[in-house]
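Step one of this worksheet: look at the structure below.
Derivation of every value follows stated rules applied to the coordinates shown; laboratory data play no part. The structure displayed is predicted, hence computed values, not measured ones. Positions of Cβ are generated from backbone atoms using ideal geometry, with glycine treated the same way; all protein chains shown enter the neighbour counts.
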Amino acid sequence: MNDLSDRPEGFQRVARALIDRGHPHAACWLEVPARTSQEAADALGVSVGQIAKSVIFRRKADDAAVLVITSGDRRVDERRVAAITGPLGRADADFVKDRTGFSIGGVSPLAHRQSPVTLIDRELFRFDRIWAAAGHPNGVFPLSPQQLVELTGAPVADVVQEPRP
């Protein structure tokens, strides 16, 4: 493994988790930050749909983090998520950082400080290869949607708004 000591702690945590779980692809460091799905797609030269966007909500019943991972070209339908998880509230930047250990724009699907309730949207399965955040806006890693399911143990659900024609 490359020396990670000069990288931020969140990136290091994800890079180690990928190695520990036997993921075949290492976390990559981009020369430019990719805080949005479009920025990540531009930096990687892929379609915005191939970006595994992480959206965090706050579950009202117990203040748990709810992580929805979907394609960067889709919008999460909060009502569909709430039908599975229970009523949701907004998660501000402090809540996201506290629960996940990551800043908004770098929330990885794994290696969280506290395990979130996680859902993977079916729309990601349109692609053979997707890219997820690796704990920092400059960090990403490639995987397949099935590998995302295996790494997170999360169920696949339909939780996005219908695409507009």
Open item on the list: Run the simple label-point estimate for residue 129 and residue 62 please: 7 Å along Cα→C-beta, distance reported in nm.
Closed with: 3.8
Task: Local electrostatic count at residue 111 - Lys and Arg +1, Asp and Glu -1, tallied over other residues with Cβ under 12 Å - done: +2
Task: Total charge dipole magnitude, the stretch 1-60, about the Cα centre, Cβ charges on Lys, Arg, Asp, Glu only, Debye to nearest 20 - done: 580
Open item on the list: Just to be sure I understand: with springs between alpha-carbon atoms less than 10 Å apart, which residue in 78, 31, 39 has the highest mean-square fluctuation in the Gaussian network model of the chain?
Closed with: 31
Task: Order of 76, 55 - criterion: other Cβ atoms within 10 Å of each residue's Cβ, fewest first - done: 76, 55
Task: Note, ³J(HN,Hα) from phi for the stretch 5-16, Karplus 6.51, -1.76, 1.60, rounded to Hz, x at Gly and Pro - done: 4, 8, 9, x, 4, x, 5, 4, 4, 5, 4, 5
- [ ] For each of 117, 81, count neighbouring Cβ atoms within 10 Å of the residue's Cβ, then give the residues from fewest to most.
- [x] 117, 81
Open item on the list: Computed from the coordinates I sent, P(r) over Cα pairs in 10 Å bins from 0, in percent equals one of [x] 11, 36, 32, 17, 4, 0; [y] 11, 42, 38, 9, 1; [z] 10, 31, 29, 19, 9, 2, 0. Tell me the label.
Closed with: [y]
Task: Neighbour-count ranking [beta-carbon atoms within 10 angstrom, fewest first] of 21, 90 - done: 90, 21
Task: Inter-centroid distance (Cα atoms) of the stretch 123-145 relative to the stretch 81-107, Å - done: 19
